[in-house]
Amino acid sequence: MKKKLLYLFIAISSIGFSQTLENTYTTSGYTDSDEIFSSFNSNGEIKYYTTNWSNNEIKIFNSSHILEKTVNITLENGYEMREIYLPSDKLFNSDSKIEFIVSSVRYSPYQENLTVYNEDGDNIFNFENFITFNLVKTPQNEYKLIMYKDLAGSGESPITFSVYGLSGTLSVNQQNLLKKQKMISFPNPSSNKINVKNPLKNNENEKIQVFDINGRKVLEKKIIGNGENIQLDISELSKGIYNYRIREFGNKFVKE
């Protein structure tokens, strides 16, 4: 009887669960980056993209995994491409071209830029010295891009937040991009302490974790949702770029 029940369980499990491998992609990038390979929606169709950091190249594939476009990004001298954000077709402009924000960095002297490019590799707009952002949807179904800048990187000078109104829109599916919010940290770069925007609701408990560029966890701290910024002591960390996470939220900072 037990053997019959086992066979029945296996049969039911086989019927109830199935999966099909559609395609396998190979790409390159930092081991701590979420933006090496991802997907987005355009005109009702899911699309995929891969990023090659070595030659500043983005490849866009359609829902059948066929290569549609190879985008070559031209950066300023001394800069290298780091991450891709917010790929969509109608957020920054009303035309049908796919657009996205490219994060680029220069290490000596250190500076980060955020630049909007389209699928033809055209530079649409450059947010010079801005290092991170939030995308916010208003009650009027409009979108605001909130950019953060700290020119001195020491926290002693005024920290600048600039709000840009976007002329485009997002479909219902594209609105899922709002879930991938980028937390703001300041000062950035820093040699001592950074403050991180707290995404938790009141009395929620969680941990903030910090990883180096090789994906190794180097710092962890228990936090609670209380409406206050999270302060991290990074004085013992080596100089370099670090990634921090709280649940699905995260961003990067530079230790000087």
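Here's the yes/no breakdown for (1) in contact with a helix residue (DSSP H, G or I) (Cβ under 6 Å, 6 or more places away or on another chain); (2) modelled with pLDDT under 85; (3) over 24 Å from Asn251 (Cβ atoms); (4) not in a loop (DSSP other than H, G, I, E, B):
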residue: Tyr25; (1), (2), (3), (4): no, yes, yes, no
residue: Ile58; (1), (2), (3), (4): no, no, no, yes
residue: Glu76; (1), (2), (3), (4): no, no, no, no
residue: Asp120; (1), (2), (3), (4): no, no, yes, no
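Give the residue that is modelled with the highest pLDDT, with candidates limited to residues of the range 138-150 that are in a loop (DSSP other than H, G, I, E, B) and surrounded by 13 or more Cβ atoms within 10 Å (Cβ to Cβ).
From the range 138-150, those in a loop (DSSP other than H, G, I, E, B) are 138-142, 150; that's our starting set.
Now restrict to residues that are surrounded by 13 or more Cβ atoms within 10 Å (Cβ to Cβ): 142, 150.
Working: Glu142: 82, Asp150: 56.
Looking at the filtered set, the residue picked out is Glu142.
All but one of (1) more than 23 Å from Gly168 (Cβ to Cβ); (2) surrounded by 14 or more Cβ atoms within 10 Å (Cβ to Cβ) hold for Thr51, so report the exception by its number.
(1)
Quick one: in the range 84-103, of everything that is touching a residue at least 60 places away in the same chain (Cβ under 8 Å) and not hydroxyl-bearing (Ser, Thr, Tyr), which residue is farthest from Gly250 (Cα to Cα)?
Just the residues of the range 84-103 that are touching a residue at least 60 places away in the same chain (Cβ under 8 Å), to begin with: 85-86, 88, 90-94.
Now narrow it down to the ones that are not hydroxyl-bearing (Ser, Thr, Tyr): 86, 90-93.
Numbers: Leu86: 15, Lys90: 25, Leu91: 22, Phe92: 23, Asn93: 27 Å.
If we take residues in the range 84-103 being touching a residue at least 60 places away in the same chain (Cβ under 8 Å) and not hydroxyl-bearing (Ser, Thr, Tyr), then Asn93 is farthest from Gly250 (Cα to Cα).
Is it the case that Gly215 is at pLDDT below 80, surrounded by fewer than 13 Cβ atoms within 10 Å (Cβ to Cβ) and not acidic (Asp, Glu)?
Details: at pLDDT below 80: yes; surrounded by fewer than 13 Cβ atoms within 10 Å (Cβ to Cβ): yes; not acidic (Asp, Glu): yes.
Considered against the rule, which asks whether it is at pLDDT below 80, surrounded by fewer than 13 Cβ atoms within 10 Å (Cβ to Cβ) and not acidic (Asp, Glu), Gly215 comes out as yes.
Yes/no per residue for (1) part of a loop (DSSP other than H, G, I, E, B); (2) in contact with a Gly (Cβ under 6 Å, 6 or more places away or on another chain); (3) modelled with pLDDT of 85 or more:
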{"position": "Val163", "(1), (2), (3)": "no, no, yes"}
{"position": "Gly168", "(1), (2), (3)": "yes, no, no"}
{"position": "Val172", "(1), (2), (3)": "yes, no, no"}
{"position": "Gln175", "(1), (2), (3)": "no, no, no"}
{"position": "Asn188", "(1), (2), (3)": "yes, no, no"}
{"position": "Pro199", "(1), (2), (3)": "yes, no, no"}
{"position": "Glu206", "(1), (2), (3)": "no, no, yes"}
{"position": "Leu219", "(1), (2), (3)": "no, no, yes"}
{"position": "Asn226", "(1), (2), (3)": "yes, no, yes"}
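As an exercise: evaluate Glu256 against (1) within 22 Å of Lys149 (Cβ to Cβ); (2) under 21 Å from the mean Cα position of the chain (by Cα) and give the number of the one condition it does not meet.
Only one criterion is unmet by Glu256, namely (2).
Pick from the range 80-100 the residues that are in contact with a Pro (Cβ under 9 Å, 6 or more places away or on another chain) and farther than 16 Å from Asn52 by Cα: which of them is surrounded by the most Cβ atoms within 10 Å (Cβ to Cβ)?
To start, the set of residues in the range 80-100 that are in contact with a Pro (Cβ under 9 Å, 6 or more places away or on another chain) comprises 98-100.
Next cut, farther than 16 Å from Asn52 by Cα only: 98-99.
Details: Ile98: 24, Glu99: 21.
Among those that are in contact with a Pro (Cβ under 9 Å, 6 or more places away or on another chain) and farther than 16 Å from Asn52 by Cα, it is Ile98.
Please specify each residue of the range 228-245 satisfying the condition of being within 11 Å of Ser190 (Cα to Cα) and either charged (D, E, K, R) or without any contact (Cβ under 8 Å) to a residue 12 or more places away in the chain (or both).
If the condition is that a residue be within 11 Å of Ser190 (Cα to Cα) and either charged (D, E, K, R) or without any contact (Cβ under 8 Å) to a residue 12 or more places away in the chain (or both), then Asp233, Lys239 are the ones that fit.
Going by what's in this entry, would Thr70 be described as more than 23 Å from Phe249 (Cβ to Cβ), out of contact with any Leu (no Cβ under 9 Å at 6 or more places or on another chain), modelled with pLDDT of 85 or more and assigned to a strand (DSSP E or B)?
Values: more than 23 Å from Phe249 (Cβ to Cβ): yes; out of contact with any Leu (no Cβ under 9 Å at 6 or more places or on another chain): yes; modelled with pLDDT of 85 or more: yes; assigned to a strand (DSSP E or B): yes.
Taking the combined requirement at face value, the residue satisfies it.
Where the second residue is among the aromatic types (Phe, Trp, Tyr) and assigned to a strand (DSSP E or B) and the first is farther than 19 Å from Ser167 by Cβ and lies in the range 115-139, which pairs have Cβ atoms under 6 Å and are six or more apart or on separate chains?
So the pair list comes out as Thr132/Tyr148.
Among (1) farther than 16 Å from Phe40 by Cα; (2) surrounded by fewer than 17 Cβ atoms within 10 Å (Cβ to Cβ), which single condition is Ser103 missing?
Evaluating Ser103 over (1) farther than 16 Å from Phe40 by Cα; (2) surrounded by fewer than 17 Cβ atoms within 10 Å (Cβ to Cβ) leaves (2) as the failure.
Select from the range 218-256 the residues that are over 26 Å from Pro109 (Cα atoms) and among the basic types (Lys, Arg) and write down the one among them that is most open to solvent (accessible area, probe 1.4 Å).
The residue in question is Lys222.
If only one of Glu99, Glu112 is modelled with pLDDT of 85 or more, of a type in the set (Asp, Glu) and touching a strand residue (DSSP E or B) at 6+ places or on another chain (Cβ under 8 Å), which one is it? Let's see the steps before the verdict.
Values: Glu112 fails: modelled with pLDDT of 85 or more.
One residue alone meets the criteria, Glu99.
The values are calculated or read from the model by the stated rules, or taken from the named source; none is laboratory data. Just so it is clear, the structure is predicted and the values come from calculations on it, not from any experiment. Heads up, the Cβs are rebuilt from the backbone with ideal geometry, glycines too, and the neighbour counts pull from every protein chain shown. Just the protein is used for accessible areas: all its heavy atoms, side chains included, with ligands, DNA and RNA removed. Shrake-Rupley method; radii C 1.70, N 1.55, O 1.52, S 1.80 Å.
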